[in-house]
Amino acid sequence: MRIATWNVNSVNARLERVLGWFEAEAPDVAVLQEIKCVDEKFPAEDFERLGYNVVVHGQKTYNGVALLSKFPVEDVRKGLPFLSDDEVDEQSRYVEAVIGAPTPFRVAGIYLPNGNPIGTEKFAYKLAWMERLFGHARELLAREEMFVLGGDYNVCPTEVDVFNPTAFAGDALCQPESRAAFRKLLNLGLTDVVRAFHPEDAHYTFWDYQAGAWQKDNGLRIDHLLLSPQAADRLTAVGIDRAERGKTEPSDHVPVWCELDVAA
């Protein structure tokens, strides 16, 4: 079972490129971020023709997430729970469903806030969102079920995950608070799939469009797949499809995927 995450940076603007990757790689389940469209503008029929069930939590012009599965989906959640019941989040950044595979499991698609500039309400929103994610992950773990939390986390977990730590010292992606919140999530018992296979090396998932970042390999690792212990026990392979960044009119992110043995 191959599970992928990809920030596509506008699904309609890059539809041909995105569909080409899906046709070639055929992930069983994928979560997309920054689709930048409302639900009814998402090109669902194009993905359905490839055999996918589609769940969309969109937003006009900004944000937006989607979940695509070759297996039936159920128990769909759109939006990350709040710590209290009287709050509303207008930003579409979270989608979740149970995948009806031979061994059912839960998948969540995450588009975590960027948080820049630091010292503003945007950074405070980022940290509050991460605390909500921590609380929800803790509840999921209490169920002792297999799950995957995949997406664009907008966090470089360590200095190894950024090409120039000094240049990013003032960026929200690399702040001690951001890293501490990500580490707190991992310390619940989750597994970072890339680090499970590559404990120390630099493996980037994002290259800016500016200053020749791709050509210079000036990248960041901000797209992550985190597994519950039950899922980590079944982890067999991991990949980052770097080649997508070098194609015509690419997203500035590339797909990250893992494979789980979920045979009955």
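At 222 nm, what value in deg cm²/dmol follows for the chain if DSSP H runs of at least 4 each add -39500 (n - 2.57) and the sum is divided by all its residues, to the nearest 500?
Details: 7 runs with 62 residues, N = 264.
Helix-only estimate at 222 nm: -6500 deg cm²/dmol.
Suppose R0 equals 22 Å. What FRET efficiency, 1/(1 + (r/R0)^6) with r the Cβ-Cβ distance, do residue 124 and residue 62 give to the nearest 0.05? Show your work: numbers first, answer last.
Details: r = 19 Å, r/R0 = 0.84.
The calculated FRET efficiency here is 0.75.
Kirkwood Rh over alpha-carbon pairs of the chain, then Stokes-Einstein at 4 °C and 1.567 mPa s: what D in µm² s⁻¹, rounded to an integer?
Here the translational diffusion coefficient equals 71 µm²/s.
Here is the list for the range 197-250: chymotrypsin sites (Phe, Trp or Tyr not before Pro) lying in DSSP coil, each with at most 16 other C-beta atoms within 10 angstrom of its C-beta, are 209.
Considering only DSSP beta bridges where both residues belong to the range 1-92, give the percentage that are antiparallel (nearest 5). Don't jump to the answer; show the numbers that get you there.
Numbers: 10 of 15 bridges.
Taking every DSSP beta bridge within the range 1-92, about 65 percent pair in antiparallel fashion.
Karplus-based coupling profile of the range 162-169, in residue order and whole Hz: 9, 5, 9, x, 5, 5, 9, 4, with θ = phi - 60° in 6.51 cos²θ - 1.76 cosθ + 1.60 and x standing for Gly or Pro. Around the Cα centre of the chain, unit charges on the Cβ atoms of Lys, Arg, Asp and Glu (plus for the first two, minus for the last two) sum to a dipole of about 260 debye. What the phi angles of the range 100-112 give under the Karplus curve with 6.51, -1.76 and 1.60, with θ = phi - 60°, is a coupling list of x, 7, x, 10, x, 8, 9, 10, 10, x, 10, 10, 6 Hz, glycine and proline written as x. The alpha carbons of the range 2-126 occupy a box of 43, 32, 24 Å along the principal axes, longest dimension given first.
Between residue 131 and residue 211, what is the FRET efficiency for a Förster distance of 51 Å, r being their Cβ-Cβ separation, to the nearest 0.05?
0.95
Nearest 5 is fine: what % of DSSP beta bridges in the chain come out antiparallel, could you say? Intermediate values should be presented prior to the final figure.
Numbers: 40 of 51 bridges.
Roughly 80 percent of the beta bridges in the chain run antiparallel, per DSSP.
For the chain, which longest stretch is free of loop sites, where a loop site is one of the trypsin sites (Lys or Arg not before Pro) that DSSP puts outside H, G, I, E and B and that has at most 14 other Cβ atoms within 10 Å?
On the way: sites that count: 49, 60, 143, 247.
Answer - 144-246.
Give, in nm to one decimal, the length gained when the segment between residue 76 and residue 141 is fully stretched (0.36 nm per residue of separation minus the Cα-Cα distance). Write out the running numbers ahead of the final one.
Details: separation 65, 0.36 × 65 = 23.40 nm, distance 1.76 nm.
Once the chain is fully extended between residue 76 and residue 141, it gains 21.6 nm.
Extending 7 Å from Cα along the Cβ direction at residue 90 and again at residue 26 yields two label points whose distance is 4.4 nm. Since only 258, 141, 205 are under comparison, the one whose Cα sits farthest along the positive direction of the charge dipole of the range 128-264, derived from C-beta charges on Lys, Arg, Asp and Glu, is 141. Pick out which of 226, 190, 15 has the largest mean-square fluctuation in a Gaussian network model of the chain, springs linking Cα atoms closer than 10 Å. Sorting by GNM fluctuation, first place goes to 15.
Rule-based calculations on the coordinates, nothing more; no lab input. Since the model is a prediction, treat every value here as computed from it, not as a measurement. FYI the Cβ positions are ideal-geometry reconstructions off the backbone, even for glycines, and counts take in every protein chain you see.
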